[in-house]
Each structure stands twice: as C-alpha cells, then as structure tokens.
1. Please verify whether region B:379-394 includes one or more residues that are in contact (Cβ under 8 Å) with a residue 40 or more places away in the chain, within 21 Å of the chain's Cα centre (by Cα), in a helix (DSSP H, G or I) and on the phi < 0 side of the Ramachandran plot.
2. Would you please name the residue that is farthest from the chain's Cα centre (by Cα), looking only at residues in region B:212-224 that are more than 8 Å from every other protein chain (Cβ to nearest Cβ) and farther than 24 Å from residue B:110 by Cβ?
3. Identify, please: which residue in region A:400-431 is within 16 Å of residue A:376 (Cβ to Cβ) and in contact with a strand residue (DSSP E or B) (Cβ under 6 Å, 6 or more places away or on another chain) and is, among those, nearest to the other protein chains (Cβ to nearest Cβ)?
4. Being buried (at least 24 other Cβ atoms within 10 Å of the Cβ), under 15 Å from residue B:155 (Cβ atoms) and touching a helix residue (DSSP H, G or I) at 6+ places or on another chain (Cβ under 6 Å): is that true of residue B:121 here?
5. Please state which one of A:295, A:326 is in a strand (DSSP E or B) and either free of Cβ contacts under 8 Å to residues at least 60 places away in the same chain or surrounded by 18 or more Cβ atoms within 10 Å (Cβ to Cβ) (or both).
6. Give region A:189-223 a look and list any residue that's under 29 Å from residue A:98 (Cα atoms) and part of a strand (DSSP E or B), or say none.
7. Does residue A:375 satisfy the criteria of being out of contact with any strand residue (DSSP E or B) (no Cβ under 7 Å at 6 or more places or on another chain) and in a helix (DSSP H, G or I)?
C-alpha cells in the first residue's frame, strides 16, 4: 500500500536479502489477503504497512533487521496474528514493516529422551502439538487459537490457556530461545537445559516482551509424558466461596494431577444455551440444577493408570458433596462426554460473539481474593449500569478471570460499548488495585492496554522497563508504541 | 578493618541511616565473627570490607544504596553467605560495603487460600519452610544449606536443590519480588499472581542476577499442598544408559509424582563407606549388589493417599526389574529407612570434604546426553591423570551433574589440585560445549566462574547482559566483578 513510505534503497536491500517475491507492497496488500496481516483478531485495529516481509530463515530475519536499523524503519513482528491486544498489526501510518515469521516453520528436532523439542517461531501451535504427539509426548500449551497461532507469538505474549494450572504458561514451557536483536545480531540460546545459572535470564526477558525488544526466531520447548488417563467433571456450586473451597479441596486431594479448574457463572451458561444450545450438556439446565450460580469444570489426569484419574476426581467430588461445597456433580463417563463438557466452556466466547459486542477483561487476582473481587465488581457494575450482565468465566486455578460485561437486555451492544466501555474498564481496574490484581493475566498489553499500564503500573517498574527497552532497542524500531509508549 | 576506605561523610550518613550499632567497621570485623561475613563457604575467598551494614528494613536498604550511589561505593549484598562461587563475600580491596540482609527476616504473610507466602529476603530458608508447614503447606525449596542460607540469597542465585524435578528451581517458586535499585528506588512487585502479563519480566531478571543489578528485599513464594504419602527407593543400575532409561520409565509411570531422581556412581558410595560408614544403608554393599556401577535414589509423592506413592513407585520398579533396567531394588519400608537413603546421598559431599580437596563441577546437560558425556569425561580425565577418581553424582532428573574429580590414590589432594584443577576444568568445559551443556547448573557464576563465562558463553548473550548491567546499574556499584567482569 505504502511502498512510497519505504526509501528506494531500503526496498532494494530488502528484496536482495529475502527475495523480491517475499517483499510484499502496494496492491498485493489490498483486499482480504491483506486483512490476514493488517487487521487484528478482534477487528479493533486496521493498519497499513510499508511492506510485508516474509523471510524464510533466521539469517534472513537478521538481514531484515540490519536493513531496518540502517534505515531506522519500525518493525512489527507477526506470527499467526491472533493476539487480542493489537500487538501484532501495523499502525495506520503506513510506515511500519510487517515482519511475518510464518515461513520459519520447521520443527528442527524432537529429543524424546530429553523431553524437549526445538522448533522455529512460525510453527503453528497445533503442528507443534502434533509433532510432540508423534514422538509419544505431550506439548501441553493449549488455547483456543491453536489452529492458527504460532509458537513464536505464544512466547512473545507468554500465552496461557487451559492447562496452566498443571504445566504453567508458555514461559514455564520454554527452556531456550534463539533471538535476533534489532541490530541483526543472533543470540543462540537454544539450550535444552532444566538448570542453567549462567548470567542474566535473557530468555524470560524476551518471553512476554511482545516483539518490542527483538524477534524470537526459534525455541526449545519442554515436553511431558502424556497422561494415560484423563477425567472430567462438572460441579455446581452455590457461591463463589464454595467454588474456591472446591478448588482447594481438589488441589489438596489430587496434587499435581489437577489439570484444569474452570469456573462459569450462570449467565455464561445461559448465554451458551441461547446461542449454541447443542453445546449445553443435556440435563445441565434441568430444573433441579439450573439454579447453580456457578458451574465448575474440573479435570484430572494420571500418568500411570487410566482409571486412577477418575478415581481421584470422584473421591474429591464425593468428599466435596458430603461437605456441601457442591450439590450437583457429573463425572464424564466417556471421552465424548468429556469433550461435551469442554465444548460448554469453549462455547462461551462464541456465544458472546453471537450476542454482540461486550466489554472484556482479562484479569488476574490472588486466588484467595476472587470471591470478594467478584462481589465488589458485580455491585460496581450494577451501580453504573443497572441490568448489565457480567459474563464471568475463567481459569480460577490460575486466578485468571475473563470478567466480561454485556449490555442490559434490550440495550444495543454498540451503544452500550460506546457509552460504558471506558467507565466500566476504569471501575474494574480501580477495583483490582487493592486486591493486588493485574489488568492483563494472559493477553498482554499491546496497544490496547498500553495507556492503562502507563497509568496504573508501579512507576519504578515502568522506569526499569523503559530503561531495558532503551538499551536493547536503542533506535526504538521494534514494535514501537506497543507495551510501553514513547520512551524518548 | 578499613573504615579509612570510607569517606567520613559516607560513614556518618550510613550511621544516621541505619543506626551506628549496625555499621560495623574496624576491630569488630576481625576474628571469627568477621569470618561469618568475609570468608566464603568453600574458604576460597577471604575478603575485607569497608564496613558491614545491617539495615533492618527495605527503607533502610534504600537509604544505604542512595548513600552508596552518592559516594560511588561498591556494595556486596549478602544473605547467609553460603554461596559456592564467591558471589557474596567482599574482595580483598577493603573498599566494598558488605550489605547484610539478615535483619530483614520477617515472614510478612501466609495466604493459605492463595498458596503463597510473602517474606523478607533475610529469612532463613528453614524458617520459611517451617512457616509454610505451620499453615499446613509445603515450601518445596530444599537444599543442603537450608539451615543457614536465606531466601533472598536463594532467589539471587536461583537455587536448585533436591526437589527441582517436581517443583522447579527458586525461579519457578517465586511469584513476586520487592527490589531496591542501586539508586535507592524501591520496586514493589510483591504480587501473588500465577498469571501477569504486564510488561517485561523484571522478576526473572533479578532472580539469578547474584546481586549485581539490585537488592532483593522481599518476595512472594508459591506454596503447595503437602503430599500425604512419600515413597523412597534405591535401585542399582549396570550402566548410565540403564539409569537414564529408568528415569524415563519413572517419569512416564508416575507423571508429576516423581519428586527426586538422584544418581550416584560406585566411587561416590565407596567414599561414603570409607569416611561415614553409618551413612551407607545396611546391605547396600553386600557382595551381591556392591558391583552396581550406578545407584539411583528415587522418590515419589502423592497428594491424596499415603499408600499410593509407594504403589506407584513399586509398580515402576517392578516393570524396570522385568525389563532389566535395574537389577537390585529396595523400597524404604519406613520413614527412618527413607531418611537413611537420603543420608547416603547427602553424605557424599561430606565424605568428599573428609577425603580432602577435589575438583568440583556443577554442570548441566540435556538429560539425553548424560551417559555419552560421562563416558567422554571419564576417558578424558583418565587420559590427563591416570587413576584420578570421578565422584559423579547429581540430580539427573534435572540434567544436573556434580562431576567432581579426586586425586589418584596416594597422591596429595593439594598437589593434585594445584597441578590439575585448571587443565581438568578446561577439558570438562570444552567437552560440555558440543553437548549443549552449561558450566553452572545451580551454583551460579560469582567470581569463581566469571572468566569462564566471559570466555565460553555466547558472545551475543554476553553483550546483551553487559548492556542490561550498564543500564540498571549505571555507576557499577552492585557486586562489581561478579558474574560479569568490568563492563566499562
């Protein structure tokens, strides 16, 4: 679109470095093909690019960054472009180079005896999961976008997902990185070591930095033996406090075996019932159970024994029933029933999308404070907008809530958003502070929450981050304006 | 000793900031009291200090660092002074300020429902473990020095220990930090969140930085429900390959339940038998078993059931016996037998000390490469010094070997060290490189391995570390010369 924003010399250098066919400019970027690169997943940001660059190797990425540095051209790294905070699409200026990592998609090695795999940043997460499975192992990173997100993007944003409780975030699953610096140096940190105390932890500095410090081109990921047995259950709870008590019961009773603890409020399930009725397990909304204000999806797994995972889960739930923590339990009796339980959970965002726009929050709290926070948040939302509907679900085991707010019945979602998004965000983020909570649990900062971060984060921490940014990206060419604002 | 190295104005400021009784200079530092601060654990470094400073609070630490910055005085932070690489004792110049964190020893809070505790850096690890236990929870960080090391030192050095396989290093056990910067700012990052994607990961930058970027004054640590059952076993293996196969069998058969997998070569056990015979479990050196070249200590734990941990371990070992991975198994039948198995493992360093000086290595490898590395290392050592005795033990589950080399029988350990320490170190570190290994798995760099790091580490990574050091400690006053050399 804006090849004229590119100096001719830079364009020539880029074409020479990675091949003219992989430097896309002008008309090529128009239309729906361009959308894949220029429009963010939530359709909040539509950008333009001076060029889309598609290098095929680490050396080509390094060449691109040397050219960008020489010409002081801003670079936006992009994997699957599935981020939710506007971190991976170019801005509207038309001056930014979009650096797609998608052609770096080789699984370089699986070392089954080290329980690791080495792969390039552009690998689709699902492809990586399959490569692990082919070696008889489990790559436990799992999230809704896994069919199109890339491992590099997962690491750049420290992705979470549905198995964090047991296996950790993307950060905990990464042992080594290969990174290209803004000046085009290549750091080869592709070590598959569980322990390595040799200087500063650069790996964790790049993980979660959202492409603002350099470009992750490859990684060593930690794999796990696959569980032989998995058990899934739904449990209804009368209060958030009861759901929290159930979490602790499940943790204490199953140790590392608890893989997931997802909580959904009644409004979430009602929304699925309205828009995607087949996704609600039969009987869940029977009169006897429909009154459960909270529904918990629990999953346990066991390495050695298919039956043991279910025994463990049933024992935990039986005790919880006796003690009144839950009053309605159903343990999946088959794989298809287990999948049906998960479909309910995964249908919530789809049902929300079908219902129209809503005000989203991806927040984290100390697990112990979740019930108190929800009570205050619900009251605050009602005080602002009587009848607004909190669609409250999330990874309680990790303290991560997706506390989304929908318009009151009969109010246009668009009008609701236009009028209330900022006041409700402000109120929710204000509430988080005394609870020691976070405005971004797993989605990151990008452009969407940059100003909130600047306004709300510890000022000393922000100062340290700005210093790190300045020294690792002195020209300020890496994904500028994302995460941190102008760093002067 | 060297109060004269301190400008009078600085001394007066320090006394005013933390009280004259806590600014120790001159004769107070002589003799054995001084040794506790000035002599490192391995007795390789004896330093002098311009003063020993004992602040009692984060605010006092900040005041000390503001004064040190104003006068450009170097500062050496110290916890329990149990480090093994000379990172926490002052150098011989007499110009350095020793900043003891020991008076910051409050457990500020245990949040049982969030599975976290917040505590100050000077807390002794064992005290922290006990505080967790008092709340019915487990702080799984555990290492030989736990009776005298501090939590702040554990974090500054990213300590490992004997339960890393299941619970991770100190890094993985830390959710939040409070840090004082060299200029005396306080970053309050004491958040107890499992997910928090709000900008760069400063926490992991300070963890493992060995006091060279700032001073950790407090932390939020992750706790776990305590296991209800623990089972321990010893298994004899005929080869390193068989021990590795046993590791994978145990991981696959017990999942997250495998807490420890420690391997000892026959020379390690013979050394314990010689110097600390009661520490060798009875029967272990019977003729029928004494030929096992490798002895493995395995431990499993189970959250829900005391018997299950043993069932799991016995099932794994029974299968391993059938398949010839091990030929000699003993499962502890009581807590005291389990403790006896651990005593054997923990007696190896003591037996080494009793035997005299030796050449120590704290190295890490991809787990899959351990047998090949050991074969090459043994051959290389024999080629250099026929008859030298590798005392080879370590946390194989984490790829961490303590590959120590003792003098051939009849050779004076001191002479052996003087002649062979450098050539053997060089040979071992040279060998590590093609295996993708690390010269420091868990002890860190400090002064001992600083030059090796500079010579052997990825040059791009070293350049990035130096830049981070320069921007976070622009005056170069934080533990100068440790980890990185002069950063100019």
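The values are calculated or read from the model by the stated rules, or taken from the named source; none is laboratory data. Treat the numbers as computed from the prediction; the structure is a model and nothing was measured. Cβ coordinates were reconstructed from backbone atoms using ideal geometry, including for glycine residues, and neighbour counts include every protein chain displayed.
1. No, that holds for no residue.
2. The residue in question is B:214.
3. A:401
4. Criteria met by residue B:121.
5. That would be A:295, the only listed residue that is in a strand (DSSP E or B) and either free of Cβ contacts under 8 Å to residues at least 60 places away in the same chain or surrounded by 18 or more Cβ atoms within 10 Å (Cβ to Cβ) (or both).
6. Selection gives A:189, A:215, A:216, A:217, A:218, A:219, A:220, A:221.
7. yes
So that you can scan it fast, the table gives a plain yes or no per residue for (1) more than 14 Å from every other protein chain (Cβ to nearest Cβ); (2) farther than 30 Å from residue B:43 by Cα; (3) in contact (Cβ under 8 Å) with a residue 60 or more places away in the chain:
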| residue | (1), (2), (3) |
| --- | --- |
| B:302 | no, yes, yes |
| B:316 | no, yes, yes |
| B:319 | no, yes, yes |
| B:331 | yes, yes, yes |
| B:334 | yes, yes, no |
| B:344 | yes, no, yes |
| B:355 | yes, no, yes |
| B:362 | no, no, yes |
